[in-house]
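Take a look at the structure below.
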Number of protein chains: 2
Amino acid sequence: MNASPHNLRCTECGACIAPEAVNSNFRCPACNGLYEVVYPWSSVVRSSVTAGHPAGSDSNLPNPSALRWLWQERRTSTLAIDQSGVWRFRDLFPILKNAENAVTLREGNTPLYELPRCAEIAGIDWLLAKHQGMNPTGSFKDTGMTAALSVAAERGFQWVACASTGNTSAAMAAYAARAGLRSIVFIPEGKIAWGKLSQSMDYGALTIQLKTDFDGCMNILGELVKRFPIYLLNSVNPYRLEGQKTPAFEIVEQLDWQVPEHIIVPGGNLANSAALGKGFTELHQLGLISHTPKISVIQAEGANPLYRWFIDSNRVMRPVTADTRATAIRIGNPASWRKAASIIDELGGWCEQVSEQEIALAKAQIGAEGVGCEPASAVTLAGLKKLVALGKVTREERAVLILTGHTLKDSQYTIDYHRNELLTAAEAAQATPLQQTQHAALRKPPVVLDADPDVVLRTLEEHMNVSKSVQPA
Amino acid sequence: MNASPHNLRCTECGACIAPEAVNSNFRCPACNGLYEVVYPWSSVVRSSVTAGHPAGSDSNLPNPSALRWLWQERRTSTLAIDQSGVWRFRDLFPILKNAENAVTLREGNTPLYELPRCAEIAGIDWLLAKHQGMNPTGSFKDTGMTAALSVAAERGFQWVACASTGNTSAAMAAYAARAGLRSIVFIPEGKIAWGKLSQSMDYGALTIQLKTDFDGCMNILGELVKRFPIYLLNSVNPYRLEGQKTPAFEIVEQLDWQVPEHIIVPGGNLANSAALGKGFTELHQLGLISHTPKISVIQAEGANPLYRWFIDSNRVMRPVTADTRATAIRIGNPASWRKAASIIDELGGWCEQVSEQEIALAKAQIGAEGVGCEPASAVTLAGLKKLVALGKVTREERAVLILTGHTLKDSQYTIDYHRNELLTAAEAAQATPLQQTQHAALRKPPVVLDADPDVVLRTLEEHMNVSKSVQPA
C-alpha cells in the first residue's frame, strides 16, 4: 500500500477535491459543506450495484472473499498495524501514502457482549452491545483518531488540536503523544467530566478552557487553523469517520458476516452515526454483506436537535442550548447532522429522545450485566425500550447497542446515582411506578459498618437476606 | 475438556488436597499456608526436566508446537471463550469441569507497547510495556477474576466476596454480574480511589466500608466465609493466580516466543508477581520457552514490606503500616509475599522501592508516550531507573514493564499532579535537579482564556512558542 488513492467530496454540493488541496478547516469553499472520503472503487461500486451487477465482480474492486480471509489472517499477526482492529481493515480506507505511517495504540477489537437481561427488560429476544469504551483511551473516538492523526503525522504536521467535551480530547492527546506531536485541547469552561480532562493532561496535551460553549470553541478553533499550521482533529475532519466506520466491519465479522436488523447509536455530534452508516453501506456495496441494518439515533431530551428535526414536518434543523448529564452527547449544534440524517433516511432508522432518569436507569441496567458504560452510552438501551414500544423494533429482530464510552469516564455520575444524589426531585418524579421499582432495586449505596464480624453478619442477614440454608452445589 | 484434572498444594508444607476438600478461606489447615494449583503434568514436567529429558517428549504432556498452533488458531475464532486472552490458554489451567462454564468479558489480549522515550530516560535501548489496564474493568485483576469466578459459578455458589482496595472489587463485581451471582465488596473506610468504588456499585455489588484497614477487612472476611456459603475471591484464592499467569503467555507470544530479560512488576499484595513467575516457569518446564526472564518487584517507599525483607540480612518479613498515593499497592501485610519472594529468588530478580515524587514523575513520563496508567503501575518505570543505575539491568537487555491499571482508575491523581497539588513540599524537595526539570516540563495545568481568537493566539505565541514559520511538509 504505497499510494493513497482517495479524494474528498463535499456531502452538500458534491464537489470533489484532492486531499492536498483541502482547506484547514475541512469545509467546502463553495457551500461550507462537510467532506467525505471517496475512493476509486466508490463510484464503480455504486454504478455496478445500481446496474444489478454483483459488487466485487469488477477486477478493480476488492474481492469480498479475499478481504474476509485477509482480515482474519491478520488477527494472528504480531505486527502492530495488523493487531489494530481499525488498521486490520485498512484496505477499505487507503488514506495513507504508506500504511507504515499508521499511529496505533492497538485500538478496536472491542467485545460484542450479549445482554440477555437487558433484552428481557426491553422486550426483545436477543440484544448485543458493541462496547467501544474498551478502546485504549476508553471511548470510540480512538477508532477515528488513529486514522486522522496518522494523516496529520504523514503530512508532517507538528501540532494538532480539537475542541472537545472530553472523549475526543483524550483520544487526540494520546495518539499525538504516541506520534511525538504536540496537541492542544479546547474545552468549554466548567461542566466537564474531570476524568476526561485528566486524560488529555496525562498524555501531555495543553488544555485551554475557553469561556464559551462547545460551539464557541469550534468557531475559535476554525479561526486558529487558518492562521497557524495546526491540524484540525474535530469530527469535521473526514478521516476521523474513515476509522470510525470500522466497528461496522467488526460487528458483522463477529457475527460470522450476518447482519443484525438494528444498530442503536447515541446521538451527539452525530459523526459516529454517519461513520457507521458509511461503513455498513460500503460493506453492502462491495458485496461483503447481503443488506444493510437500520441505524437509529437516540438523543438526550436536553440535547435533542436531531430528534426535533426528525419530528418536524418541515424537516428544519434548529440548534438548541444543550443540557444533559450525559456530557459526551451534550451538543446543541451537531456538525454532522446532515450526514446522520441521510443515514437514518437511507437505511430506514428512527430517532428518539430519552429523559435523564431513563438514561440513569438504563446505565444501571447495563452495569448490572457486568458491562460498565458512560451515561451517553446508556441512551441506547433507554431508546431501544421506546423503539420496541413504538413497534419500530420487534421482538424477533436482533439489535446492537453501540456503547461509546467506559464507565470510568464519568465515575462521579455513578457515585451520585447510587447515593441517590443524581436526579432532581422533578426528574425522579417522571419515572413510572415500574421505573421507580427498578431504580430502587438497582441502587447500591455503600454501607459503613464497624469492623466486627457479628455486626457484618447481622447486617447481611437483615439487609441482604443471605440465608444459611443456601448451600453450594 | 470435561474433566478438571488438578489439585491444590500448600506452598508452605507441600500437603496436597482435592479441590472439593479445600476450606473456605483457602488456607492449609496444617500450617496456614497458601495453596497453588498443580496439574498431573506438573510433577511429570519437573522430573523430566530435572532428569535432563526435553520437556514435552512425554506423551502425557501438552506438546509445545501443538499448543502454539492451537493458541494462534483460536485468535481467529468467534467463540467468546477463544476470544478471551485468558481462556485462549485454558490448556495450561484446566480448572473447570467444563470449559463452557467460563465467565468471560473478553479479558486479556492486552497491548504490548514500545516505550522508546521512557527507554531513553531509563538508559536502556528497548523497553516494552504490557498494559494490563486495557482489560475490561481497567486492571489486571480481570485475568485472575475470570478464572476464579468461573470456578465459583461452576461449583454453584450464589454469593461471592472480597476485601479490596479497589481494582479487585471492580473486577469481582463485573464478573459476578456477568454470571448472575451476587457480590459483596469489603473496603477500608476512607482513602479510597472513588473511581474504583464507583465501578463495583455500577456492576451491582453491595459495598461495605469497614472501619479498619485492608488487613482488618481480610480478617473479617475470613470469618464470614466460614459461617456463610460465600465464595472468597481475594488473591489467597489460588485460581486467581491461574488466570493471572496468562499475561506471561501473551508476552512471549507477542514477541514470537522470544523471552525478554526482565519483567518489572509493581508489588502490593504480591500475587501478581507470583502468578507471572508461575506462568513463565510453567512455559519453561513445558518447553515453550528456552529460559525464564528475571522478575523484579518494585514497591512504594510507604508500603515496602517486601523491600525490607529483601535487604534484611536475616530475611524476616515484618508487616508495615502502608501509606502511599498509589492506592492499588497500599498494602502493608501482603498475603502472597512468600510466593513472590520465591519467584524473585528462583528467577533471579531484584526488589526496589521508589518515592512518591519518583512515582508521579514516572507516571507522567509514561503518559507522555500516549500510554495512560494508574500511579501503582508507574512504580515499574521509577524502579527500572534504579535497577539500571545499580547495574541490575544493562543497556542491551530487554525489559517489560507490567502496567497494572488504566489512567482512568485514578483521575484525581493526574489532576492534582498537573495542578501541582499532589506532592507535599517535603516530597517535592526530594527531587534531584534533573527530576525537577523533568517535572516542570511535564506538568500541563489547564489554562482558562476568554473566547477570543486573538487572546488565544497571543497565549499560544507567548507560552507555547508556536512559530508561524513551522510549516507542514
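The values are calculated or read from the model by the stated rules, or taken from the named source; none is laboratory data. Everything numeric here is computed off the predicted structure, so don't read it as measured data. Heads up, the Cβs are rebuilt from the backbone with ideal geometry, glycines too, and the neighbour counts pull from every protein chain shown. Note: areas computed on protein heavy atoms with side chains; ligands, DNA, RNA excluded. Shrake-Rupley method; radii C 1.70, N 1.55, O 1.52, S 1.80 Å.
Quick notes
- A point 7 Å from Cα along Cα→Cβ stands in for B:Leu79, and the other copies hold the same point at 2.9 nm, listed in rising order.
- Directionally averaged shadow of segment B:338-473, computed from the convex hull of its alpha-carbon atoms, nm²: 12.6 nm²
- Averaged over peptide A:157-165, the number of partner chain Cβ atoms lying within 10 Å of each residue's Cβ comes to 2.
- Cα long-axis angle, helix A:356-367 against chain A (0 to 90 degrees, to the nearest 10): 90 degrees
- Taking the Cα centre of chain B as reference, the dipole from Cβ charges on Lys and Arg (+1) and Asp and Glu (-1) amounts to some 960 debye.
- Computed lengthening from B:Arg227 to B:His291, 0.36 nm per intervening residue step minus Cα-Cα distance: 18.5 nm
- Label point distance in nm, B:Leu79-B:Ala15, each placed 7 Å from Cα along Cα→Cβ: 3.8 nm
- Toward the positive end of the charge dipole of the protein assembly as shown, with +1 on the Cβ of Lys and Arg and -1 on the Cβ of Asp and Glu, the farthest Cα among A:Thr137, A:Val393, A:Leu232 is that of A:Val393.
- The share of Cα pairs per 10 Å bin across segment A:71-149, counted from zero up to the longest distance, runs 18, 40, 24, 14, 3 percent.
- The ellipsoid that matches the Cα gyration tensor of chain A has semi-axes, each √(5λ) in whole angstrom, of 37, 26, 23, with the longest given first.
- Whole-angstrom gap from segment B:209-239 to segment A:420-443, using each part's C-alpha centre: 33 Å
- Accessible-area rank, largest first, for A:Lys385, A:Lys97, A:Lys130: A:Lys97, A:Lys385, A:Lys130, with all protein chains present and a 1.4 angstrom probe.
- Pairs of alpha carbons in segment B:151-233 whose separation is greater than 19 Å (percent): 31 percent
- Kirkwood hydrodynamic radius of segment B:118-169, Cα pairs, Å: 13.6 Å
- Built amide H within the under 5 Å cut-off of A:Ser336, gap 5+: A:Ala271
- Unsatisfied cross-links (Cα-Cα over 21 Å) in the set B:Lys130/B:Lys444; B:Lys245/B:Lys339; A:Lys141/A:Lys385; A:Lys294/A:Lys385; A:Lys409/B:Lys385; A:Lys141/A:Lys278: B:Lys130/B:Lys444; A:Lys141/A:Lys385; A:Lys409/B:Lys385
- A point 7 Å from Cα along Cα→Cβ stands in for B:Ser313, and the other copies hold the same point at 9.5 nm, listed in rising order.
- For the rotation that carries chain A onto chain B, the axis lies closest to a Cβ at A:Leu408, 2, where the number is the distance in whole Å.
- Our summary of shape: the Cα atoms of segment B:93-222 have principal axis extents of 50, 40, 25 Å, ordered from largest down, in whole angstrom.
- Largest to smallest in accessible area, the residues A:Ser65, A:Ser342, A:Ser235 fall in the order A:Ser65, A:Ser342, A:Ser235 (1.4 Å probe, all protein chains included).
- Mean Cα-pair separation over length for chain A, i.e. relative contact order, pairs under 8 Å, 6 or more apart, %: 15 percent
- The label-point distance for A:Ser4 and B:Glu421, in a model that sets each label 7 Å from Cα toward Cβ, rounds to 4.3 nm.
- A Förster radius of 35 Å combined with the Cβ-Cβ distance from B:Asp323 to B:Asp345 puts the calculated FRET efficiency at roughly 0.80.
- Unmatched cysteines, chain A - criterion: no other Cβ of a Cys under 4.7 angstrom: A:Cys16, A:Cys118, A:Cys162, A:Cys217, A:Cys351, A:Cys373
- Checking every one of the trypsin sites (Lys or Arg not before Pro) in segment B:240-325 against DSSP loop status and a limit of 15 other Cβ atoms within 10 Å picks out B:Arg315.
- 4 °C / 1.567 mPa s Stokes-Einstein diffusion coefficient of the protein assembly as shown, Kirkwood radius on C-alpha pairs, µm²/s: 46 µm²/s
- Inter-copy label distances at B:Leu390 (7 Å, Cα→Cβ; nm, one decimal): 6.4
- Part-to-part distance (alpha-carbon centres) for segment A:260-294 and segment A:363-410, which is given in Å: 17 Å
- Across peptide B:104-112, the mean count of Cβ atoms from other chains lying within 10 Å of each residue's own Cβ comes to 4.
- The label-point distance for B:Asp125 and B:Gln436, in a model that sets each label 7 Å from Cα toward Cβ, rounds to 3.6 nm.
- Geometric extent, Cα atoms of segment B:373-444 - Rg, Dmax (angstrom): 14.0, 38
- Net charge dipole size for segment A:258-386 [Lys, Arg +1 and Asp, Glu -1 on Cβ; Debye, nearest 20]: 240 debye
- The GluC sites (Glu not before Pro) of segment A:353-422 meeting both criteria, a DSSP state outside H, G, I, E and B (loop) and at most 11 other C-beta atoms within 10 angstrom of the site's C-beta, are A:Glu396, A:Glu421.
- Residue-averaged beta-carbon neighbours from other chains (10 angstrom radius) around A:440-449: 5
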